[in-house]
Amino acid sequence: MNKYLLTLILSLVLPFWLVSCGPSQAPAATDHDDGESGAALAEHAEGAEGPHGGRLLQSGAFTLELAIFERGVAPEFRAWATQDGKPVTPPAVTLAVRLERLGGATDHVAFEPQGDYLRGTSEVREPHSFTVQVQAESGGRRHEWTYDSFQGRTTIEADTARDAGIVVETAGPRLIREVLPLYGVIAPDAENVREVTARYPGMIRKVTRSLGDTVTSGELLAVVESDESLRSYDVTSPIDGVLTRRGANAGEHTGTGALFTVANLATVWAELSVFPRDRARLRLGQQARVQAVDGGEPGESEIVRISPVGTGGNQALTVQVRLDNREHRWTPGLYVNAEVLIGGADVPVAVREAAVQRFRDGQVVFQNVGDAYEVRPVELGRGDGEWVEVTSGLAAGARYVSGNGFLVKADIEKSGASHDH
């Protein structure tokens with residue numbers, strides 16, 4: 001054979017040999033009789049679609065088309081079998097499917113004949129994202145397939161997630177609070193305010209402290225000369241606190257009026273207005289969360305006083321909540337919002353409301369297992385503005401994205417996660 005002819009033969013034959021033996025095709029499966037050990041490792045062309053829109057799974061001359069059908073019914077598996085290209089009657093096939101989900105949960109689906117196909121007897125719950133294990137038996141031979149069918153899933157390495165500020169928490173039991181929103185203002189604690197007067201009428205000879213000064217118990221505030229004895233005596237602070245009012249100046253005459261007001265601001269009151277219709281819902285000792293109207297860290301305490309009569313044209317009542325102010329967070333005159341806990345319910349599973357995202361046609365959270373993040377459609381119950389009950393879709397103990405979940409959503413959408421089956 002001359003060199004030219006050999007070259008021509010290789011150029012024609014070699015491409016077909018490479019295609020038939022290349023890595024893009026799975027190796028041919030070997031069927032096993034029932035008595036033989038092991039099961040057939042089956043082949044399927046990635047993305048191959050059958051006449052019913054399902055995935056084609058092949059094992060030798062046996063082919064199974066498996067699809068999730070959800071037009072007008074709850075999502076269910078349907079399967080069609082052929083042998084040597086000819087339909088196999090459904091009663092002649094035994095079929096079972098196992099679905100392994102992110103986080104370790106598994107679903108088992110049995111099948112029964114219906115018309116010209118096998119129908120799964122249980123609903124395929126969302127998300128339709130799992131590793132699929134298929135076992136079929138027909139004509140005394142067993143066939144097995146395993147493949148991944150992921151939807152709404154992405155992978156983000158731990159370092160990348162941390163640098164992006166993605167926050168993950170654990171879903172679990174929580175008290176969902178029923179709260180009454182109120183509004184008010186910070187005021188000095190009336191039990192820690194003292195009016196300072198002169199013991200005897202006389203001439204004020206000296207004033208030592210100014211408005212806003214911090215004073216201690218026993219500290220000199222003024223010197224007064226008595227009208228009767230013409231002797232001077234000291235006027236001192238009765239408590240530690242801040243001088244919130246000064247009504248005395250040197251050279252003035254004092255009578256029975258207050259010279260100074262001293263307030264200890266280590267505790268203050270949040271004075272909150274309540275409409276009469278809500279009065280019956282409040283009682284002493286109820287917990288309250290108070291926050292400045294411009295934001296900041298909230299403070300938590302309890303109701304210590306409820307006024308017995310209304311004030312103003314709307315007859316609003318006033319309730320007082322005592323707040324710890326040793327760190328000087330609450331300035332008298334500051335406007336605040338408050339939530340008073342008037343009831344609540346313990347729920348078995350709750351997540352932060354910030355974790356809930358809109359995805360396609362529903363509400364979801366993103367479950368996290370290792371470096372994997374996946375959509376979890378959820379049904380929600382009661383909420384209190386911070387936490388919300390999950391009635392279905394996420395189990396207690398599951399790790400979920402509670403902060404910056406929009407980054408996970410964007411990554412899933414960027415990857416083009418589909419609803420293909």
Whole-Hz ³J(HN,Hα) from phi, Karplus 6.51 cos²θ - 1.76 cosθ + 1.60, for region 388-400, glycine and proline x
9, 6, 10, 8, 6, x, 8, 8, 4, x, 6, 8, 9
Summed side-chain charge close to Glu379 - residues other than Glu379 whose Cβ falls under 13 Å, Lys, Arg +1, Asp, Glu -1
+1
Pairs of alpha-carbon atoms within less than 8 angstrom and 6+ residues apart define the contacts here; what relative contact order does region 196-259 have, in percent?
46 percent
Estimated dipole of the chain in Debye, rounded to 20 [Cβ of Lys and Arg +1, of Asp and Glu -1, Cα centre]:
1200 debye
In the neighborhood of Val179, defined by Cβ-to-Cβ distances under 13 Å, what is the net charge if each Lys or Arg adds +1 and each Asp or Glu adds -1?
-2
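Pairs of alpha-carbon atoms within less than 8 angstrom and 6+ residues apart define the contacts here; what relative contact order does the chain have, in percent?
Details: 941 pairs, mean separation 64.7, N = 421.
Relative contact order for the chain comes out at 15 percent.
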Per-residue ³J(HN,Hα) for region 316-328, Karplus 6.51 cos²θ - 1.76 cosθ + 1.60, θ = phi - 60°, Hz, x for Gly and Pro:
5, 8, 10, 10, 10, 10, 7, 10, 5, 10, 5, 9, 6
Can you pull the three principal axis extents for the Cα set of region 196-259, in Å, largest first?
32, 18, 17
Which residues qualify? For Trp387, with a placed amide H closer than 5 Å and at least 5 residues away or on another chain, they are Glu353
Give me the net charge of Glu169's neighbourhood, meaning all other residues with Cβ under 15 Å from the Cβ of Glu169; Lys, Arg count +1, Asp, Glu -1.
+3
Give me a comma-separated list of calculated 3J(HN,Hα) values for region 220-234, in order, Karplus coefficients 6.51, -1.76, 1.60 applied at θ = phi - 60°, integers in Hz, x for any Gly or Pro.
5, 10, 7, 10, 10, 9, 5, 5, 7, 8, 6, 9, 8, 9, 8
Determine the distance separating the Cα centre of region 48-94 from the Cα centre of region 144-178; give it in Å without decimals.
33 Å
If I fit a long axis through the Cα atoms of helix 405-414 and take the longest principal axis of the Cα atoms of the chain, what angle between them do I get, 0 to 90°, rounded to 10?
30 degrees
Using helices alone, I'd like the mean residue ellipticity at 222 nm for the chain: each DSSP H run of four-plus residues gives -39500 (n - 2.57), total over residue count, nearest 500.
-2500 deg cm²/dmol
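Among the DSSP beta bridges whose two residues both lie in the chain, what percent are antiparallel, rounded to the nearest 5? Present the calculation step by step, with values, prior to reporting the outcome.
Numbers: 133 of 135 bridges.
Looking only at bridges with both residues in the chain, the antiparallel portion is about 100 percent.
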Using Cα atoms only, what is the angle between the long axis of helix 3-21 and the major principal axis of the chain, expressed in degrees (0 to 90) to the nearest 10?
50 degrees
Give me the Kirkwood hydrodynamic radius of the chain, using the inverse of the mean 1/r over all pairs of distinct Cα atoms, in Å to one decimal.
29.1 Å
Under 11 Å from the 7 Å Cα→Cβ point of His253, by amide nitrogen: which residues of region 221-241?
227
With bins of 10 Å, the percent of all Cα-Cα pairs of region 32-149 per bin from 0 is 13, 49, 33, 5, 0
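Every number here is computed from the coordinates shown, using simple stated rules; none is lab data. These figures come from a predicted structure and were not determined experimentally. Cβ: placed from backbone, ideal geometry, glycine included. Neighbour counts: every protein chain shown.
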